[in-house]
Amino acid sequence: MKSLLTTIICLFSINIISSSVIIVCKKCDISNISTAIDKAKNHDTIIIKNGTYYEFDIEINKPIKIIGEQSIIDAQFKGGGFNIQSDSVYLSSLKINNIKRSYTKDIASIVAYKADHFLIENIEFNNPFFAIFIQKSQNGIIRNNIINGANNDVLNSGNGIHLWNSKNMEIENNKIINMRDGIYLEFVSAAKINNNVSEKNLRYGLHFMFSNDNKFSNNIFINNGAGVAVMFSKNIIMQSNRFENNWGASSYGLLLKEIYDAKIENNYFYQNTIGITVEGSNRINYNHNIFKQNGWATKISGGCYENIFTENDYLNNAFDLSYKGRQNDNVFVGNYWSNYVGYDLNEDGVGDVAFMPVKLFSYIVNSIPEAITLHRSLFVELINFSEKVAPIFTPKYIMDKEPKIKPMNYAVN
């Protein structure tokens, strides 16, 4: 982060001695933002004074800085906002409102195409279609922005921050509410997504596909339609994120689909229909996560191999683990399970009896979803106990041979 920011600051500082400042205001000689950009030279600064400017489809075709002073750009649903077609562009301290909807074009408050070393910060987006749309660009920073969507219709809503075919991007300290997807990445590499809040989005808080070597840290994904979906990617790190209150018949905190060589560490999964659901994903380390009061804490489908679950806390979930598949080389070791009723005679903090986290009733619900109405009934307790004594249906090969007696991850909780 610091190296990229330093590079961008240095680029913005080039020719600073010879650059000019252009003022835009209602009573100034220049009262139009597009006119100011036309008159500006490379590396000039445009300051937009207080007021509402009814402009749309503003093209930025040179390296310049545009800074607002309590200024509002209102597109009146006639078009998009800024269209960046140059390197070394800086946009800051604006409000951009009322972007046009379209069923054929991805119209956005800010679009960047083939841009390098740009900075978008401290901007408030109200009623956008797409808010920020980045294409074929690199070395950009998007930070400290607020994105407020207004639609309750997926077809009439775009994504908050949308990256396509880009690399080395940093997205941090943004708040995204009521969009289709909060953050969307496709064919994006070497991105860092840190300290964002993605809340009440219609589909996903975060959604990315075909995007390798990316890191997601300290983000909050809360009360989104389906949670977070991570697909067809490798070398992913997800650390210290919170996945909360993502409820619905097909909802989850986090979906991993065909993910390879990843780290899922120090995350907090709280009150989701499913904490993590995993399909066809291999060589993933799940360490120091908390799964608390979810429907299913972890659901694993077939085709998942060489995954390691260690030192995670499973706290008061309806089902700790659901597993589909006849083979297993995944490792569950040293986790805390609140449903564990074993003992620790030598007081080393590790249970002396192995724990089998897949319950018979979980197996039944996977086959007959309507059976969930019997949850916590005496009948369910009896069949779970009988299966524990003489396992027939549940997989014998899935067990934690070293279950912890006490929870471990208080810092995350």
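The numbers here are math on the coordinates, done by the rules we state, and not lab data. Just so you know, these numbers come straight off a predicted model, no measurement behind them. Methodologically, a virtual Cβ is constructed for each residue, glycine included, from the backbone with ideal geometry; neighbour enumeration extends over all protein chains shown.
Can you give the FRET efficiency to the nearest 0.05 for Ser34 and Asn235, using r as the Cβ-Cβ distance and R₀ = 51 Å? So, using R0 = 51 Å, E works out to roughly 0.75.
Give the cross-link partners of Lys49 among the aspartates and glutamates, using a straight C-alpha distance below 12 Å as the criterion and excluding same-chain residues fewer than 8 apart. Straight-line reach from Lys49, under 12 Å: Glu69. For the range 271-300, the set of trypsin sites (Lys or Arg not before Pro) satisfying both a DSSP loop assignment and a count of at most 13 other C-beta atoms within 10 Å is empty.
So if R0 is 30 Å, what FRET efficiency would Tyr343 and Tyr397 give, r being the distance between their Cβ atoms, rounded to the nearest 0.05? If you can, show how the numbers build up before the last one.
Details: r = 23 Å, r/R0 = 0.78.
So the FRET efficiency works out to roughly 0.80.
Under the simplified labelling scheme, the Asn50-Ile405 pair shows an inter-label distance of 6.6 nm, with each label point 7 Å from Cα along Cα→Cβ.
The overall shape of the range 1-209, judged from the alpha-carbon gyration tensor, is oblate: a/c is not under 1.5, and a/b is no greater than b/c. Return the Rg/Rh value of the range 21-63, two decimal places, where both radii are evaluated on C-alpha atoms and Rh is the Kirkwood radius. Across the range 21-63, the Cα-based Rg/Rh ratio is 0.93. Backbone amide hydrogens, once placed in the peptide plane, bring Leu185 within less than 5 Å of Leu163, His207, Phe208, Met209, excluding anything fewer than 5 places away on its chain. The stretch between Lys324 and Ser250, if pulled fully straight at 0.36 nm per residue, gains 24.9 nm over its current Cα-Cα span. Taking R0 as 45 Å, what's the FRET efficiency between Tyr103 and Gln293 from their Cβ-Cβ distance, rounded to 0.05? Calculated value: 0.65.
Among the listed pairs Lys100/Lys215; Lys62/Lys100; Lys299/Lys404, give every one whose C-alpha distance is greater than 23 Å.
On the way: Lys100/Lys215 33 Å; Lys62/Lys100 25 Å; Lys299/Lys404 21 Å.
Long pairs (Cα-Cα over 23 Å): Lys100/Lys215; Lys62/Lys100.
Please compute the net charge surrounding Lys114, taking Lys and Arg as +1 and Asp and Glu as -1 over other residues with Cβ under 15 Å from its Cβ.
Numbers: positive: Lys62, Lys136, Lys167; negative: Glu59, Asp87, Asp116.
Neighbour charge sum, excluding Lys114 itself: 0.
Shape call for the range 177-279 from the C-alpha gyration tensor, a ≥ b ≥ c root eigenvalues: rounded (a/c under 1.5), prolate (a/b greater than b/c) or oblate?
Details: a/c = 1.45, a/b = 1.37, b/c = 1.06.
Note, shape of the range 177-279 comes out rounded.
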